[in-house]
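Okay, structure first, notes after.
Read-outs throughout are calculated quantities, based only on the coordinates presented, and are distinct from any laboratory measurement. Nothing here was measured: the structure is a model prediction, and the numbers come from that model. In this analysis, Cβ positions are derived from the backbone assuming ideal geometry, glycine residues included, and neighbour counts consider all displayed protein chains.
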Amino acid sequence: MEIKDPKLEINISKAKGGNQSAFRYLLDTFWSAVYNYQLKRTQSENEAEDITIQTFSKAFDKINTFDEKYVFKTWLIAISKNVHIDLLRKKNISIAADTSKEQEEKAYLVVDESPTPEDKIITEQNLAKLLRDIKQLKPKYQEVIQLRYFQELSYKEISEQINEPMNNVKVKLLRAKKLLAEIIKKS
């Protein structure tokens, strides 16, 4: 049985109203529990981190469905477990895709794997479009996207560079990716 925590209840209520600091409080409070749970399951820091980010993203998207009769941490762990199961299913589907012997032989006959001039142009156009889409984000979101995906910094390095706690960096990146996805869908 969970002991009632008034601060937790207030923050869940505020998060249901879209309050960003309440989301941050919930992320800070429960990040380690979800991450450690996934680390035990996956035995991979990267996978555990990715699943934890997806868990909080789903939880924040569906926060209004949370019933206060239940334990919030248990709800998060259940979401995390389902995210992990979904990822495993997707991996199994891609592994199970059957190829015939003939298809395998054709694949080995491919000699030149370098991109054609057309491929290079398409890639450059896609990158240019992506960069235009990123420029539509607020500067704070542009910065974390740029540091994480273009400079390939770790969360810790980003945290040190922008002088913010690592959990804030994770939330910002989560939000930036979500906003960017919405911009890309519209264009």
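Using the alpha carbons of segment 1-74, what is the convex hull volume per residue in cubic angstrom, as a whole number? Each step should come with its number before you reach the end.
Working: hull volume 6.5 nm³, N = 74.
Given the Cα convex hull of segment 1-74, per-residue volume reads 88 Å³.
Pop a pseudo-label 7 angstrom from the Cα along the beta-carbon direction at both residue 36 and residue 162 and give the gap in nm to one decimal.
2.7 nm
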